[in-house]
1. Can you report the number of residues in the stretch 314-325 which are touching a strand residue (DSSP E or B) at 6+ places or on another chain (Cβ under 9 Å) and either farther than 16 Å from Arg253 by Cβ or basic (Lys, Arg) (or both)?
2. Here are some residues: Asn221, Asn150. Which one is at pLDDT below 95 and among the polar types (S, T, N, Q)?
3. What tally of residues in the stretch 130-166 results from selecting those that are closer than 30 Å to Glu365 by Cβ and buried (at least 19 other Cβ atoms within 10 Å of the Cβ)?
4. Can we say Gly262 is open to solvent by 10 Å² or more (accessible area, probe 1.4 Å) and on the phi > 0 side of the Ramachandran plot?
5. Looking at the stretch 340-362, can you tell me whether even one residue there is modelled with pLDDT under 95 and touching a helix residue (DSSP H, G or I) at 6+ places or on another chain (Cβ under 7 Å)?
6. Could you please let me know if Met184 is closer than 23 Å to Met278 by Cα, at pLDDT 95 or above and buried (at least 24 other Cβ atoms within 10 Å of the Cβ)?
7. What residue, among those in the stretch 175-231 that are over 18 Å from the mean Cα position of the chain (by Cα) and small (Gly, Ala, Ser), is farthest from Trp125 (Cα to Cα)?
Amino acid sequence: MDQYQYRQRKRSRRAIATAVAVALALVLGVGGFTAWKLDWFSGNGDAVSFGKEPSPAPTPDAPGGAAPSPAAPTPAKPSGDPDVALPTGPKSDFKQTARLDDGTVIAKARLAGAKSGFEGDVWVWAPKEYDDPKYAKSAFPVLIALPGGNGFPTNYWADRSLGLQKAVSEGVQAGTSLPFILVMPVLNPDNKYYYDGSDIPGQPKMGTWIAEDVPDFARANFRTYKSRDGWAFMGSSSGAFVGMKTVLQYPERFKAVIASGGEIVPDSPLWKGHQAEMDANNPEKLAQKLIDRNGPEVYVNFQIGTKESGRQRMTAFQQQFGKGPVKTTIRDIQNGEHNGWHYVRGMKEGSLEWISKVLKGPQAEPAAG
């Protein structure tokens, strides 16, 4: 996506957001709108801890049967599934950025990438099931959500108004979605260029940031699966390209991607003079290599609005590379345009269910007795 397209889409998103806010103010009235905003942002900036550790068992020696204060909580041991990995630590310093109606929160932390050398913000959201005692010994699948445009200094999937987190929660209740942990990093190191989520020679190592540092961050803070069965991407526009490219590049680490918006090949201006490196980050060439070596299988679910361009690129990719281990589907979003609201609608209409069927969900502990 070129810089002009990005600026136009950014202006469009800003205009739509303003229109939505004005409409809500008219519907709710000034008082109602203010209350809605206060509820929305209540607690923002507060420290957040994901995952409740069990309290120490009471002892008769302590007053009231309570445990002595020096005793530390005993972390839950993993279930019998050898694929479960407990948080490795160190824990990140999370601050709330939004609260949802079900009490779950979106929080932000600063990540200094040990492998990429890049430092940036990462937003996270955990479903309420993550704190449910019956899942205390289970891992949860991770969905890394990537934005379009430059994806800096924010990740728009961390804006609750797009409804991504709500879509997952409602899908869990309906039995059509796994309770994903959403990890939402910045995609690029600045607003000057776009970097194709890749290690372009002489530039910040954004490919390493996305493929290694961000997953390591998730493993440090959450109960995750060791195998690729618990790891996937979703993204829109340039974020869709990066998610798909990363799955095809590292099929032993990631299993699936929901790619919305029609971006297929690398197009950063920073690739000039680095053809070999660009080819190594081209989904078409990566898919062919995967086909030639016959696996492992990966799953690509394209989403495209009927009111936007790009379907022909998806169709061409599916016809040429959607074979053998590269499993592809295309979901048309009726009357959909190139924006996050419509892509979330497509996820609710079927893409969340699709990706939930190819990934591994949490396993509840059997009831006692």
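The values are calculated or read from the model by the stated rules, or taken from the named source; none is laboratory data. As the structure is a prediction and not an experimental result, all values here were calculated from the model. Cβ: placed from backbone, ideal geometry, glycine included. Neighbour counts: every protein chain shown. With ligands, DNA and RNA removed, areas are computed over all heavy atoms of the protein, side chains included. Shrake-Rupley method; radii C 1.70, N 1.55, O 1.52, S 1.80 Å.
1. Of the stretch 314-325, the ones touching a strand residue (DSSP E or B) at 6+ places or on another chain (Cβ under 9 Å) are 314-315, 317-318, 321-322, 325.
Next, only the ones that are either farther than 16 Å from Arg253 by Cβ or basic (Lys, Arg) (or both) stay: 314-315, 317-318, 321-322.
Of the residues in that region, 6 qualify.
2. Values: Asn221 fails: at pLDDT below 95.
Among Asn221, Asn150, only Asn150 is at pLDDT below 95 and among the polar types (S, T, N, Q).
3. Pass one, the stretch 130-166, residues closer than 30 Å to Glu365 by Cβ: 130-145, 164-166.
Next, only the ones that are buried (at least 19 other Cβ atoms within 10 Å of the Cβ) stay: 130, 135-145, 164-165.
Qualifying residue count, the stretch 130-166: 14.
4. Taking the combined requirement at face value, the residue does not satisfy it.
5. Step one: list which residues in the stretch 340-362 are modelled with pLDDT under 95, which gives none.
Looking through the stretch 340-362, none of the residues is modelled with pLDDT under 95 and touching a helix residue (DSSP H, G or I) at 6+ places or on another chain (Cβ under 7 Å).
6. On the way: closer than 23 Å to Met278 by Cα: no; at pLDDT 95 or above: yes; buried (at least 24 other Cβ atoms within 10 Å of the Cβ): yes.
So Met184 does not fit the description; no.
7. Going through the qualifying residues, I end up with Gly202.
The rows are residues; the columns are (1) on the phi < 0 side of the Ramachandran plot; (2) touching a Ser or Thr at 6+ places or on another chain (Cβ under 9 Å); (3) assigned to a loop (DSSP other than H, G, I, E, B); (4) surrounded by fewer than 24 Cβ atoms within 10 Å (Cβ to Cβ).
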{"site": "Tyr194", "(1), (2), (3), (4)": "yes, yes, yes, no"}
{"site": "Ile200", "(1), (2), (3), (4)": "yes, yes, yes, yes"}
{"site": "Pro204", "(1), (2), (3), (4)": "yes, yes, yes, yes"}
{"site": "Ala211", "(1), (2), (3), (4)": "yes, yes, no, no"}
{"site": "Arg219", "(1), (2), (3), (4)": "yes, yes, no, yes"}
{"site": "Asp229", "(1), (2), (3), (4)": "yes, no, no, yes"}
{"site": "Ala240", "(1), (2), (3), (4)": "yes, yes, no, no"}
{"site": "Met244", "(1), (2), (3), (4)": "yes, no, no, no"}
